[in-house]
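Heads up: the structure comes next, in structure tokens.
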Amino acid sequence: MDMTDREILDKLNAEANEAFKALTIYGVNDNARKGRPFIIASDDALPEIPVAMDISCSIMTVAGAMGTAGPGAAERIDKATEMGVENRLCASVKMGAYYLKAGILPVPDLIITTNSPCDAVDMLGQMMDNYKPWANVPKFRLDAPHGQTEEDFEYFGSQLKEMVHVIEEVTGRKLTTEKFIEVAEESNKQASMIMDFQELTRAAPCPVDPDMARVGWELARWVAGTDPSAFWKATDWIKRLVDVTERKVKDRKGIEGVNEKIRFLWYDVSPSWGSKLFPRLKEELGAVCMKTYYSFHNFFPIDTTSMDSMLKSVAKKYLMGTPMTRQAMHTADVFCDDIVRICKDYRCDAMIMPCHVGHRDTNAYHKMAKDVCRENNIPFLFLGCDVWDERYMPPDVVFDRMKTFFETTGL
């Protein structure tokens, strides 16, 4: 019996939720026992490289973010502060720091840290580099430039090349051109399909929750980094998502159970308490979140003509195409131009700027973002919440503020 569109989407969500267990602290410990070299990174795993080398790579910032939605999250966040972690730091990094300082992480074969995308992640990387129980673990630090020129991409590509040499020396695994091409071509296919999905969600009414672009991206990058076999499964997952979305657009069907009235941009990461906010906005107000940082993607294909071209392409994709790294590391023009582009392309009626307390870069851009919204007649709401700790501003309060904002702006 054929499955309904609703059943397909439910199945995709269930598969993703199961896969995301690999990103939790429990998954990190499990990844270390899979019989392949095990790396811990402070930030994005650049999955094409570990996948092509059959290596497991867990990301501490992601594990921390996942932990903020789990049981005992508040106590662990507070415990990190008691351990000496700066109180105003992003709570996802606080959680990652707690995992480190509490001694509950497996010892990796290699530690990879970076100065991107923000000062908090940079600090977490420094903590990892200086963690005494890991003093004898080999370490490599990536130096990500803040520029957007070909020279910047070549420079970071050379950093990745050096990183590959270190991984090869530590693990005995080799990055072959043939395997890298195979993985790069699959990565290009995944990215292309995610772009297709994004285009389909521009339809009115929006056919499928646009946040599923984030889910597909995280399956293809973060989950795949922990287990190379998951990389190929992500392609099938994204394809099934595109297929059902195409069908719904053709039939002019919107998100089931939602009478779409408002489209908005949430210009930050999706909160760990988002399940208490976004469904309620859809159901009670017909307000659909069209984009967040991690559901907005640009297409930077990997050039497979040579090893160097692939490394340079992966560097560019990381610097300019990785959500949050793109917004946090580059110019105010990139930050503000993306607001206008998203609101125009996805017909957003308003822009919500959460101004997460742990994102100092975003808070620094607040006035510029407000000005560019005013210039382009985009209603703008500043919140000032904590996307990882709902105690700072409970979801009910966020809902009420957004509801009042929509009413006062005539939406």
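The values are calculated or read from the model by the stated rules, or taken from the named source; none is laboratory data. Remember, it's a predicted structure, so these values are computed and weren't measured experimentally. Glycine gets a Cβ as well: all are built from the backbone with ideal geometry, and neighbour counts include every protein chain shown. Ligands, DNA and RNA are stripped out before the accessible areas are found, and what is left, the full protein with its side chains, is counted by its heavy atoms. Shrake-Rupley method; radii C 1.70, N 1.55, O 1.52, S 1.80 Å.
Within region 22-35, work out how many residues are surrounded by 17 or more Cβ atoms within 10 Å (Cβ to Cβ) and in contact (Cβ under 8 Å) with a residue 60 or more places away in the chain.
Narrowing region 22-35 to residues surrounded by 17 or more Cβ atoms within 10 Å (Cβ to Cβ): 22-25, 27-28, 30-32.
In the following step, the residues that additionally are in contact (Cβ under 8 Å) with a residue 60 or more places away in the chain were identified as 22-23, 25, 27-28, 31-32.
Total satisfying the criteria: 7.
Name the one entry in F399, F406 that is touching a helix residue (DSSP H, G or I) at 6+ places or on another chain (Cβ under 9 Å), within 28 Å of A91 (Cα to Cα) and modelled with pLDDT of 95 or more.
Values: F406 fails: within 28 Å of A91 (Cα to Cα).
The unique qualifying residue is F399.
Of all residues in region 334-374, how many are without any contact (Cβ under 8 Å) to a residue 40 or more places away in the chain and of a type outside the set (S, T, N, Q)?
Going through region 334-374 one residue at a time, the tally reaches 16.
Would you be able to say whether some residue in region 230-237 is in a loop (DSSP other than H, G, I, E, B) and either among the acidic types (D, E) or in contact with a Phe, Trp or Tyr (Cβ under 6 Å, 6 or more places away or on another chain) (or both)? Spell out the reasoning first.
Kept after step one, since they are in a loop (DSSP other than H, G, I, E, B), are these residues of region 230-237: none.
Taking every residue of region 230-237 in turn, none turns out to be in a loop (DSSP other than H, G, I, E, B) and either among the acidic types (D, E) or in contact with a Phe, Trp or Tyr (Cβ under 6 Å, 6 or more places away or on another chain) (or both).
Search region 1-21 for residues that are within 20 Å of A230 (Cβ to Cβ) and in contact (Cβ under 8 Å) with a residue 12 or more places away in the chain and pair each with any residue that is open to solvent by less than 30 Å² (accessible area, probe 1.4 Å) and of a type outside the set (A, V, I, L, M) when their beta-carbon atoms are under 7 Å apart and the residues are at least 6 apart or on different chains.
Note: pairs meeting the criteria are L12/W237; E15/W237.
Take region 388-411 and flag every residue that is surrounded by fewer than 18 Cβ atoms within 10 Å (Cβ to Cβ) and charged (D, E, K, R).
Passing the criteria: R391, D396, D400, R401, K403, E407.
State all residues of region 46-79 that are open to solvent by less than 20 Å² (accessible area, probe 1.4 Å) and over 26 Å from S275 (Cα atoms); if no residue qualifies, say none.
L46, P47, E48, I49, P50, V51, A52, M53, I55, S56, C57, listed by residue number.
Which residue out of E283, E246 is open to solvent by 30 Å² or more (accessible area, probe 1.4 Å), at negative phi and out of contact with any helix residue (DSSP H, G or I) (no Cβ under 9 Å at 6 or more places or on another chain)?
Sole residue among the options that is open to solvent by 30 Å² or more (accessible area, probe 1.4 Å), at negative phi and out of contact with any helix residue (DSSP H, G or I) (no Cβ under 9 Å at 6 or more places or on another chain): E283.
Mind telling me which of the residues F296, F300 ends up being open to solvent by 30 Å² or more (accessible area, probe 1.4 Å) and within 30 Å of R360 (Cβ to Cβ)? Reasoning before the result, please.
Working: F296 fails: open to solvent by 30 Å² or more (accessible area, probe 1.4 Å).
The conditions single out F300.
Please determine whether any residue of region 140-148 is more than 28 Å from F300 (Cβ to Cβ), surrounded by fewer than 17 Cβ atoms within 10 Å (Cβ to Cβ) and of a type outside the set (A, V, I, L, M, F, W, C). Talk me through it step by step, then tell me what you get.
At the first step, the residues of region 140-148 found to be more than 28 Å from F300 (Cβ to Cβ) are none.
No; the residues of region 140-148 include none that is more than 28 Å from F300 (Cβ to Cβ), surrounded by fewer than 17 Cβ atoms within 10 Å (Cβ to Cβ) and of a type outside the set (A, V, I, L, M, F, W, C).
Within region 121-139, track down each residue that is open to solvent by 10 Å² or more (accessible area, probe 1.4 Å) and either of a type in the set (G, A, S) or under 16 Å from G64 (Cβ atoms) (or both).
Correct list: D122, M123, Q126, M127, Y131, A135.
Check S187 against each of (1) open to solvent by less than 10 Å² (accessible area, probe 1.4 Å); (2) assigned to a helix (DSSP H, G or I); (3) closer than 23 Å to Y346 by Cα and name the one condition it does not meet.
So the condition that S187 fails would be (3).
Mind listing whichever residues of region 197-206 are assigned to a helix (DSSP H, G or I), buried (at least 17 other Cβ atoms within 10 Å of the Cβ) and of a type outside the set (S, T, N, Q)?
Hits for region 197-206 are F197, L200.
Find the helices (runs of 4 or more DSSP H) located wholly in region 1-64 whose residues include 2 or more that are in contact with a Ser or Thr (Cβ under 8 Å, 6 or more places away or on another chain), and list them.
Here the list reads 25-31, 48-52.
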